[in-house]
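Q: I'd like to ask you about the structure that follows.
Every read-out reported here was derived from the displayed coordinates using simple, explicitly stated rules and does not represent laboratory data. Since the structure is predicted, the reported quantities are computational estimates derived from the model, not experimental observations. Cβ: placed from backbone, ideal geometry, glycine included. Neighbour counts: every protein chain shown.
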Amino acid sequence: MDTSIIGVALPEMQKDLGFSQGELQWVFNAYVIAFGGLLLLGGRLSDLLGARKVFNAGWVVMIAGSVVAAAAQTAWVEVLGRAVQGAGGALIAPAAMTLLMMLFGHDPKELGKAMALYGAAAPAGGTAGVFLGGVFTEWLSWPWVFIVYVPIGLATLAATRLLPSVESRRGSVDVLGAAAVTAGLALTVFAVVRAPEAGWGSTGTVLQLAGAAALLILFLVIQRSVRRPLMPLGIWRVPRLGPANLAMTLLGAAWIPMWYFLNLYLQQVLGHGAFASGAALLPMTVLLMIFMTAVTARLMGRFGAKPLIAGGLLVLAAGLLWLSAVEPTGTFLIDVLPASLVAALGMSLAYIPAMMAAMSGAPQEQAGLASGIVNTTYNVGSALGLAALTAVAMSQGAGEPGNLPALTDGFSSAFIGAAVIAAVGGVVTLLVMRGEKSAAAAAQAPSASASHGEQVGV
């Protein structure tokens, strides 16, 4: 919801706060950089301090960021508020996953149902965000897309009394590692965003990318040297963790840019208002919710994760390629609806299987870490994909508001780029991910926890 609700509000925010067409993506990227960069820290804190405490703390931070974003009068304050929201989300997400595993991990069937509902929460929130974003922007004002989080957050905090409490465990927090990985990811996205304007071969871009690489290498060095690392590198020996996270990275890099540019196409090219644009995206999000809850879990039980992840990414690629045929004089029913439904079908097939494949072999005490890693890769992929495809779109004419053919060419180029990313993800998954039988055999090795993999049933 925290990403979808801003989509239809972006053009109004752009007018009021003075964002350029290229800078507008920072309303989204500030959130996902903070979210993705701090998820590992959130997962570690959840494992150490107790999931319910961290879940509550995340909601307090989320409310504070929402207030800042709603009250913003300048672009930089808006970006700051979104970053604070992302930090809150980074505490909430791994804690929520840990609580779910605690409640249902003892019964594979119940866990499968719970994971289906957990996965469906994303499109359900997306559906609510699309609808509420249109209502608030059309009939109130765009700050309401952030104000709504205050009552939601307070109600959630009141309800957490129903959740199980977990005692804190002894251990330290790798603050230096968290700072290094967050700064490295943020600098990477910043360099990619600025590169089209500054030049990919410019001194500034080269130094920024080199600095980002140095910070990420420093993070790995820290993880090998400290006693209690933020991300013990041994976790990557868990079967399918690496391929599943790679699939999630490419899934985010394809899906989020599609959603972003589809919002802009509906409003800036087809001329739909905020509410009409939100309503236009509802069929896609409803299909996501239905398939994730009623279909994907059953297909996983029959075919396993690998075919669904690969197939879902390839179906998403087909939908994106169809979307790239948009016209300046197009219509919702012809240019948007069928292609967006195909793309949503692909997303609904791939998302939950990739999430479960990434977490299925992790030891119980590292559930928060595994959740943090998979959420990190998805959101980092989202940020980098959006930054790169914004650069592509701008270079092909998307930086010319009012010029409908140029805007359409730019958006079409972004859809093609996203299709290529999704197709690569599908092919790579087929080539590198282990099937269920080989993964189950590997899970018997000392480096992984067999018991947790059997609990998940993957």
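Q: I need two numbers for region 35-99: Rg to one decimal and Dmax as a whole number, Cα atoms only, in Å.
A: Here Rg and the maximum Cα pair distance are 12.2, 38 Å.
Q: Related question: Give me a comma-separated list of calculated 3J(HN,Hα) values for region 60-66, in order, Karplus coefficients 6.51, -1.76, 1.60 applied at θ = phi - 60°, integers in Hz, x for any Gly or Pro.
A: Using θ = phi - 60°, the values come out as 5, 5, 4, 4, 4, x, 5 Hz.
Q: Same structure, new question: Rounded to the nearest 0.05, what FRET efficiency do V221 and V428 have when you use their Cβ-Cβ distance and R0 = 25 Å?
A: 0.35
Q: May I ask for the angle, rounded to the nearest 10°, between helix 274-291 and the longest principal axis of the chain, with both axes built from Cα atoms and the value confined to 0 to 90°?
A: 30 degrees
Q: Using the Karplus curve 6.51 cos²θ - 1.76 cosθ + 1.60 with θ = phi - 60°, what ³J(HN,Hα) values do you get for each residue of region 41-47, in whole Hz, with x for Gly and Pro?
A: Working through the residues one at a time gives 5, x, x, 5, 5, 5, 5 Hz.
Q: Averaged across orientations, what area in nm² does the convex hull of the alpha carbons in the chain project? Don't skip to the answer; put the middle values down first.
A: Working: hull surface 79.1 nm².
So the mean shadow area of the Cα hull is 19.8 nm².
Q: Dipole of the chain (Lys/Arg Cβ +1, Asp/Glu Cβ -1, origin at the Cα centre): which of M115, S202, V315 lies farthest to the positive side?
A: The residue sitting most towards the positive pole is M115.
Q: For helix 203-225, report the angle its Cα long axis makes with the longest principal axis of the Cα atoms of the chain; keep it between 0 and 90° and round to the nearest 10°.
A: Long axis of 203-225 versus the principal axis of the chain: about 20 degrees.
Q: Going toward the positive end of the dipole of the chain, with +1 on Lys and Arg Cβ and -1 on Asp and Glu Cβ, which of M13, T429, L281 do you reach last?
A: With unit charges placed on the Cβ atoms, the residue in question is T429.
Q: Could you give the length gained on full extension between E110 and W76, defined as 0.36 nm per residue of separation minus the Cα-Cα distance, in nm? Could the numbers behind the result be given before it?
A: On the way: separation 34, 0.36 × 34 = 12.24 nm, distance 4.50 nm.
Full-extension gain reported as 7.7 nm.
Q: Under a plain spin-label model, where a point goes 7 Å from the Cα along Cα-to-Cβ, how far apart in nm are E197 and L117?
A: Calculated label separation equals 4.6 nm.
Q: Over all distinct Cα pairs, what is the inverse of the mean 1/r for region 174-229, reported as the Kirkwood hydrodynamic radius in Å? If you can, show how the numbers build up before the last one.
A: Details: mean 1/r = 0.0857 Å⁻¹.
Hydrodynamic radius (Kirkwood, Cα pairs) of region 174-229 is 11.7 Å.
Q: For the chain, with only Lys/Arg (+1) and Asp/Glu (-1) charged at the beta-carbon, what is the dipole magnitude about the Cα centre, in debye rounded to 20?
A: Numbers: 21 positive and 19 negative charges, 320 e Å.
Approximately 1540 debye in magnitude.
Q: A214 to L163: extension gain in nm, 0.36 nm per residue of separation minus the Cα-Cα distance? Write down the numbers at each step before the final one.
A: Details: separation 51, 0.36 × 51 = 18.36 nm, distance 4.10 nm.
So the extension gain works out to 14.3 nm.
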